[in-house]
1. Which residues, taken from the stretch 62-78, are free of Cβ contacts under 8 Å to residues at least 40 places away in the same chain and either hydroxyl-bearing (Ser, Thr, Tyr) or on the phi > 0 side of the Ramachandran plot (or both)?
2. Tell me which of these Lys156 doesn't satisfy, since it passes every other one: (1) on the phi > 0 side of the Ramachandran plot; (2) in a helix (DSSP H, G or I).
3. Taking the stretch 118-166 only, how many residues are among the acidic types (Asp, Glu) and under 18 Å from Phe99 (Cα atoms)?
4. Out of the residues in the stretch 137-154 meeting the condition of being open to solvent by less than 50 Å² (accessible area, probe 1.4 Å) and either acidic (Asp, Glu) or more than 11 Å from the chain's Cα centre (by Cα) (or both), tell me which one is modelled with the lowest pLDDT.
5. Can we say Val134 is buried (at least 21 other Cβ atoms within 10 Å of the Cβ), free of Cβ contacts under 8 Å to residues at least 60 places away in the same chain and assigned to a loop (DSSP other than H, G, I, E, B)?
6. Within the stretch 1-118, which strands (runs of 3 or more DSSP E) (wholly inside it) include 2 or more residues that are open to solvent by less than 40 Å² (accessible area, probe 1.4 Å)?
7. Would you please name the residue that is nearest to the chain's Cα centre (by Cα), looking only at residues in the stretch 119-131 that are crowded, with 21+ Cβ neighbours inside 10 Å and not in a helix (DSSP H, G or I)?
8. Step by step: first the residues of the stretch 159-176, then only those that are surrounded by 18 or more Cβ atoms within 10 Å (Cβ to Cβ) and modelled with pLDDT of 80 or more, then the one that is nearest to the chain's Cα centre (by Cα). Which residue is that?
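The values are calculated or read from the model by the stated rules, or taken from the named source; none is laboratory data. Source: prediction; values computed, not measured. A quick note on method: Cβ atoms are made from the backbone with ideal geometry, for glycine too, and the neighbour counts reach across all protein chains shown. Areas reflect the complete protein model, heavy atoms only, side chains present, ligands, DNA and RNA absent. Shrake-Rupley method; radii C 1.70, N 1.55, O 1.52, S 1.80 Å.
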Amino acid sequence: MNAAQMKKYVHKIMPSPIGKLKLVASDEGLAAILWEKEKPNRVRLGTTTEDKTHPVLLKTERQLKEYFDGKRKSFEIELDAVGTDFQKQVWEALLAIPFGETRSYGQLAKQLGNPSASRAVGAANGKNPIAIVVPCHRVIGSNGKLTGFAGGLDAKQHLLGLEGSAGLFAHKKTNS
């Protein structure tokens, strides 16, 4: 059993402009923000129980609503993300990307002192359990294009648009 499976987690569902979000917390802080169409096992936390009144979940929901309403540019929430040391380094680097700005995977790898680790940075970015608050949507391809995002490229473009970057990126919708 890993550390995440031994903790007690609670959740609540919140509506948002990019679909329903499942907010997950422990008593230590926010553990995850999961997408409506989340891939199974992308984030492994074990069992959660619903708790619509947990203080961390209420605080997160309030701050996310303010963000979606254009009234918040940063979050003030205790975080309790479970990951490897490298993943946590990448997630810390994501937190340093200012509102309205983007970075490439290569730029993050260089910032972490390992310029050849852009694929590893991408993999860690993809495992980020706390979407939006830990702004993995601010990471783009080195060519300036939107790249994979657990919430889907439409959600990524919407989030970047909220932050004033909408016109910079385009992706083609496919009917697949």
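1. Listed by number, the list holds a single entry, Ser74.
2. Every condition holds for Lys156 apart from (1).
3. Selection size over the stretch 118-166: 1.
4. Ranking the candidates gives Gly144 first.
5. In short, yes.
6. The qualifying strands (runs of 3 or more DSSP E) are 9-14, 21-25, 30-34.
7. Ala131
8. Leu159
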